[in-house]
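Undergrad: Could you have a look at this structure, given as structure tokens, before my questions?
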Amino acid sequence: MICCCVKSENNKKYAELDAKLARKMVESRRIYPGHKSLKSMDSIIMKFPKLREGLRNIRNVFESYDNDSNGTIDIEELKKCLEELQLSLSDEEVKGLYGWCDVDGSKGIQFNEFIVLLCLIYLLSKPSSESNAESREMGPKLVESIFDPIVEVFLFLDKDGKGKLNKADVIKTLNNEDYPLERSPSHVTNMRFEEMDWGRKGKVGFREFLFAFMSWVGLDDADDYYMNS
């Protein structure tokens, strides 16, 4: 009975985090104008080489805080990392995100999970108001230069601006009739969405999008994760 209560409490906590992140995506449309310049899947793919390089640079950050070199970061190692990166959330929020991103239940954050976790913390600790003078200075340049373009891809796919991706909009966006030479085949767009839609509900949050997006970019650890999941 106690286990059921704990599980129910965790599910509620993660649902709250999911809703909070969806609200953040809605707010982000005001401070991430770059999504308006994206036109097709080709324009997204053109970002992959730079993003791939940036994501691999984060590996150096990951390894520098993996003090016991076991391939995972525990909660204490993570807190030290966040202090160094000047990303600040409450201990409760960090613990909640830590559990939310430990998708394989290993009780330790692997590299691909670390990228997702770092991005979520970066977003949730970033000021929402564009008028805030600190909003463009928040966080280290490495983190900002990698995660901001990824957010813009999500916003480009989120045509109804509700903070979650729905299948019909994603397929329509990637098959934009205004760019016939850059349209993705229907079987490819369906596969892309299925990679994101873990619950097969036709709705995808930013966390699920980010795990899938890393494999699209070609991050080795993400590919391994999908092969073994």
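Undergrad: Go through region 52-79 and give me each residue that's under 21 Å from SER90 (Cα atoms) and in contact with a Gly (Cβ under 7 Å, 6 or more places away or on another chain).
TA: Answer for region 52-79, where residues must be under 21 Å from SER90 (Cα atoms) and in contact with a Gly (Cβ under 7 Å, 6 or more places away or on another chain): ILE73, ASP74.
Undergrad: Now for a separate question. Determine which single condition CYS5 fails, assuming it passes every other condition in (1) open to solvent by less than 70 Å² (accessible area, probe 1.4 Å); (2) at pLDDT below 85.
TA: CYS5 satisfies every listed condition except (1).
Undergrad: A follow-up question, please. Going through LEU89, LEU97 one at a time, which residue ends up being assigned to a loop (DSSP other than H, G, I, E, B), closer than 18 Å to ASP18 by Cβ and in contact (Cβ under 8 Å) with a residue 12 or more places away in the chain? Working first, answer last.
TA: Values: LEU97 fails: assigned to a loop (DSSP other than H, G, I, E, B).
Exactly one of LEU89, LEU97 is assigned to a loop (DSSP other than H, G, I, E, B), closer than 18 Å to ASP18 by Cβ and in contact (Cβ under 8 Å) with a residue 12 or more places away in the chain, namely LEU89.
Residue by residue, here is whether (1) in contact with a strand residue (DSSP E or B) (Cβ under 9 Å, 6 or more places away or on another chain); (2) in a helix (DSSP H, G or I) holds:
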{"residue": "LYS20", "(1), (2)": "no, yes"}
{"residue": "MET25", "(1), (2)": "no, yes"}
{"residue": "ILE31", "(1), (2)": "no, no"}
{"residue": "HIS35", "(1), (2)": "no, yes"}
{"residue": "LYS39", "(1), (2)": "no, no"}
{"residue": "ILE44", "(1), (2)": "no, yes"}
{"residue": "LYS50", "(1), (2)": "no, yes"}
{"residue": "LEU55", "(1), (2)": "no, yes"}
{"residue": "PHE62", "(1), (2)": "yes, yes"}
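Undergrad: ARG52: over 24 Å from TRP198 (Cβ atoms) and not aromatic (Phe, Trp, Tyr), yes or no?
TA: Taking the combined requirement at face value, the residue does not satisfy it.
Undergrad: Kindly indicate which of ASP178, ASP223 is modelled with pLDDT under 85, under 18 Å from LEU51 (Cα atoms) and open to solvent by 50 Å² or more (accessible area, probe 1.4 Å).
TA: Checking each option against the conditions leaves just ASP223.
Undergrad: Go through region 46-63 residue by residue and tally those that are under 18 Å from ASP148 (Cβ atoms) and open to solvent by 50 Å² or more (accessible area, probe 1.4 Å).
TA: So in region 46-63, the residues under 18 Å from ASP148 (Cβ atoms) come out as 46-58, 61.
Narrowing the set further to residues that are open to solvent by 50 Å² or more (accessible area, probe 1.4 Å) leaves 46-47, 49-50, 52-53, 56-57.
Result for region 46-63: 8.
Undergrad: List the residue pairs whose Cβ atoms are under 9 Å apart, where the first residue sits in region 195-212 and is within 18 Å of GLU16 (Cα to Cα), the second is polar (S, T, N, Q), and the two are 6 or more positions apart or on different chains.
TA: Short answer, once both residue conditions are applied: LYS203/ASN166; VAL204/ASN166.
Undergrad: Turning to a different aspect of this structure: Considering only residues that are open to solvent by 10 Å² or more (accessible area, probe 1.4 Å) and farther than 16 Å from TYR65 by Cβ, which ones fall in region 103-128?
TA: Those that are open to solvent by 10 Å² or more (accessible area, probe 1.4 Å) and farther than 16 Å from TYR65 by Cβ: VAL103, ASP104, GLY105, SER106, LYS107, LEU124, SER125, LYS126, PRO127, SER128.
Undergrad: Looking only at residues in region 134-165 that are on the phi > 0 side of the Ramachandran plot and at pLDDT 90 or above, which one is least open to solvent (accessible area, probe 1.4 Å)?
TA: Once the filter is applied, the top-ranked residue is GLY163.
Undergrad: Give the residue that is modelled with the highest pLDDT, with candidates limited to residues of region 201-220 that are out of contact with any Asp or Glu (no Cβ under 8 Å at 6 or more places or on another chain) and open to solvent by 40 Å² or more (accessible area, probe 1.4 Å).
TA: Of everything passing the filter in region 201-220, LYS201 is modelled with the highest pLDDT.
Undergrad: Mind counting the residues in region 64-102 that are open to solvent by 40 Å² or more (accessible area, probe 1.4 Å), farther than 14 Å from GLU113 by Cβ and of a type outside the set (S, T, N, Q)?
TA: The number of residues fulfilling the criteria is 10.
Undergrad: Could I ask something else about it? Just to verify a result, which residue in region 13-31, among those that are open to solvent by 80 Å² or more (accessible area, probe 1.4 Å) and either modelled with pLDDT under 75 or closer than 18 Å to ILE121 by Cα (or both), is nearest to the chain's Cα centre (by Cα)? Break it down stepwise before answering.
TA: Taking region 13-31 as the starting set, the residues that turn out to be open to solvent by 80 Å² or more (accessible area, probe 1.4 Å) are 16, 23, 30.
Now restrict to residues that are either modelled with pLDDT under 75 or closer than 18 Å to ILE121 by Cα (or both): 16, 23.
Numbers: GLU16: 16, ARG23: 14 Å.
Across region 13-31, the extreme among qualifying residues is ARG23.
The values are calculated or read from the model by the stated rules, or taken from the named source; none is laboratory data. Note that this is a predicted model, so its numbers are computed, not measured. Cβ: placed from backbone, ideal geometry, glycine included. Neighbour counts: every protein chain shown. SASA here: full protein model, heavy atoms, side chains in, ligands and nucleic acids out. Shrake-Rupley method; radii C 1.70, N 1.55, O 1.52, S 1.80 Å.
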